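A short worksheet on the structure shown next.
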Amino acid sequence: QVQLVESGGGLVQPGGSLRLSCAASGSIFSIGDMGWYRQAPGKQRELVALFTNSARTRYADSGNGRFTISRDIAKKSVYLQMNSLKSEDTAVYYCNAIINFLSTWGQGTQVTVSS
């Protein structure tokens, strides 16, 4: 069974930093694009950052310049470094990956930015 497990969420003050991690495990023969999405209360899930299989990155405007996505192919992992966090970054953050040609989601990790 294939799964994505996220970690690294938590409570942080405005201006602080967090690093999210996501690792894929299970019977995997192919991993394509990997990325991070988030969903705030009452809002739709939205893309935060994407690391494509061709090593290109894409960011939502909201995180551009503050967030950095990286990937470790050997560890089947993707990371999201978030700096200068704002209250509006509060959301559940989900990892997504194309594994064995299927879109797979993690369970989500809560990020709360508050003083």
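Take the residues in the stretch 17-62 that are under 10 Å from the mean Cα position of the chain (by Cα) and among the aliphatic types (A, V, I, L, M), then tell me which one is nearest to residue 97 (Cα to Cα).
34
Name the residues in the stretch 4-27 that are under 16 Å from residue 74 (Cα atoms) and exposed (fewer than 14 other Cβ atoms within 10 Å of the Cβ), would you?
If the condition is that a residue be under 16 Å from residue 74 (Cα atoms) and exposed (fewer than 14 other Cβ atoms within 10 Å of the Cβ), then 25, 26, 27 are the ones that fit.
Please go through the stretch 88-112 and pick out each residue that is more than 11 Å from residue 6 (Cα to Cα), in a loop (DSSP other than H, G, I, E, B) and open to solvent by less than 80 Å² (accessible area, probe 1.4 Å).
90, 100
If you scan the stretch 50-86, which residues turn out to be in a strand (DSSP E or B) and either farther than 11 Å from residue 35 by Cα or open to solvent by 60 Å² or more (accessible area, probe 1.4 Å) (or both)?
Those that are in a strand (DSSP E or B) and either farther than 11 Å from residue 35 by Cα or open to solvent by 60 Å² or more (accessible area, probe 1.4 Å) (or both): 57, 58, 67, 68, 72, 81, 82.
The values are calculated or read from the model by the stated rules, or taken from the named source; none is laboratory data. None of the values given here were measured: they were computed from a predicted structure. We place every Cβ from the backbone using ideal geometry, glycine too, and count neighbours over all the protein chains shown. With ligands, DNA and RNA removed, areas are computed over all heavy atoms of the protein, side chains included. Shrake-Rupley method; radii C 1.70, N 1.55, O 1.52, S 1.80 Å.
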